[in-house]
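Note sheet for the following structure.
The values are calculated or read from the model by the stated rules, or taken from the named source; none is laboratory data. Every value quoted in this text rests on a predicted model; they were computed, and no experiment measured them. Because the Cβ atoms are built from the backbone with ideal geometry, glycine has one as well, and the counts that use them run over all protein chains shown. Each accessible area value is taken on the protein alone, full model and side chains, heavy atoms only, with ligands, DNA and RNA left out. Shrake-Rupley method; radii C 1.70, N 1.55, O 1.52, S 1.80 Å.
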Amino acid sequence: MPRQSALPADLWIWRSLTQPRITPDGSQVVYVENGIDRSTNTSFSNLKLISADGRGLHTFADGGFHDQAPRWSPDGLKIAWIRDNCIWSAGITSKPQSLTPPQLHASAFAWSPDGESIAFVAGGRLFLIPASGGAPHPLAAPGLQFEGDPAWMPDGQNIIGAEKHGELFAIRINDGTARQVTRTGAINRDPTPAPDGSKIAYTAADPKSYYSVRRLWVMNSDGSRPRQLGGTLDRDVLHPQWSNDSRTVYFLADDRGSTHVYLARNDGTVRQLTGRGERLDGFSLADNGRAVAVRSSATEGSALFTFMTDAPGGGYTLVDADQQLLAERNWGAVEELPFQSAGRTMQAWLVKPFDFDPARKYPLLAEADDAPARLLGAEFPLRDHILAAKGFVVLRINPRGTPGFGEEFGDLLPTEIGEAPAEDLLKAVDTALAKGYIDPKRIYAAAGVSAAWLLG
């Protein structure tokens, strides 16, 4: 049977993987598989497990649930996660149990270093609960409102949390005393203590700018000697993780349509480890240096990928959630399209029909993910392939204000939030028209702020 091009019904088949977590010993990975049940028209998110050698794939928790944020216990024998605003836990073969009452609305959590307790954030408050179940009790004064995952210090005596106004606080377990450990005035997030307890890495952004790059910082565990660790890297730091010897912080950063792995050392140097045309998300690192992330590229839709940090150019795919669908369809070419606007070179991408003929004239659909701004790049663009299969050439544009191009590029819009991206969109369309195969009478825009500006 001849293969078809992409179909609208493929949206029901498509699966996306998120939030991978590897065990401390690097032997197993848990991740979230997301999809839509066509029979009920409802989304679901289920937990799945696979060994780091690619064997033993099985569903850990399935059904019409919205499971998220899986976290391994320190011994790698249990998993806790969030389902319907409650924290649940289970062993690999044991029955899941709910640990927190639904009225608390748990939003983030972390296992204690000994695996006996779980700290969690609910309604901005920080709570503690026994990992075996029991009554939760608040840790910090109600005047502090926390966001994101709390982080235990390795000695288990203090928890580092990011307060919603930007500063980091240390909460003492035995009496709930709160101590402010940053006084920078920045928006500090992602506190990540080093395994030896001597330092805390975190990310920080300037709140005074329209767009500010989230940079990597490190300080002593008592909050002294804060210093920028990421050198001159002008990109947003994502998912910082310490090496087991507490000498290196690994992280992801988007860069001009791709995502790369970087490392920063205690001496302030930073080095890019990967350079493939791919998008990565959900970076997680084991004690032995094995890392996992979700990868998307021109040939992979949403795949669980693993590699060793001392050999980042290698690695292999553990799970390709959409491999069968990708093999059953004909996909058109995706071409990067540089264009000039506002005196600088900008980036766009063209998605073409499978049977593309440069002698024909095609309608053009121009899109920019600018509400809020999000980088478009080397990920597999299923929706755009479906539109291309219906005869469109799709133009994916990264206008001013898009992350992944540095702080100066992202901060160009404080007074031109609609006008500047719309100007960039039109410049990208002009560049596509110069190719000769676009019908100038059939040009459409499907974007956020820039499309609204053009319509206005």
Accessible-area order (highest first, 1.4 angstrom probe) of the listed residues PHE120, PHE380: PHE380, PHE120
Structure-based [θ]222 nm, the chain - -39500 (n - 2.57) summed over DSSP H runs of at least 4, per residue, nearest 500: -2500 deg cm²/dmol
Percent of alpha-carbon pairs separated by more than 15 Å within region 136-245: 62 percent
R0 of 56 Å, Cβ-Cβ distance GLU419-MET308: FRET efficiency to nearest 0.05: 0.75
Karplus (6.51, -1.76, 1.60) ³J(HN,Hα), θ = phi - 60°, over region 20-27, in Hz, Gly and Pro reported as x: x, 9, 9, 5, x, 8, x, 8
Cα-based Rg and Dmax for the chain, where Dmax is the largest Cα-Cα distance (Å): 23.2, 75
Relative contact order for the chain, counting Cα pairs under 8 Å that sit 6 or more residues apart, in percent: 11 percent
Over region 264-311, relative contact order from alpha-carbon pairs under 8 Å, at least 6 apart, %: 27 percent
Candidates per trypsin sites (Lys or Arg not before Pro) in region 46-78, loop by DSSP, up to 13 other Cβ within 10 Å: ARG55
Coarse-grained scattering of region 298-456 at q = 0.17, 0.18 Å⁻¹, given as base-10 log I(q)/I(0) from a Debye sum over alpha-carbon atoms: -1.02, -1.09
Tilt relative to the chain, helix 419-433 - C-alpha long axis, 0 to 90 degrees, to 10: 50 degrees
Calculated Rg and Dmax of region 309-363 using C-alpha coordinates, Å: 17.5, 49
Cα-based convex hull volume of region 1-134 per residue, rounded to whole Å³: 144 Å³
Extended-chain gain in nm, criterion 0.36 nm per residue less alpha-carbon gap, THR345 and ASN288: 16.4 nm
Cross-link pairs LYS352/LYS435; LYS78/LYS164; LYS164/LYS208; LYS352/LYS390 - those with Cα-Cα distance over 21 Å: LYS78/LYS164
Label zone at ARG55, where the point sits 7 Å out along the Cα-to-Cβ direction: region 90-133 residues whose backbone N lies under 20 Å: 92-93
Over region 364-408, relative contact order from alpha-carbon pairs under 8 Å, at least 6 apart, %: 55 percent
Sequence of THR192, THR59 from largest to smallest accessible area, 1.4 Å probe: THR59, THR192
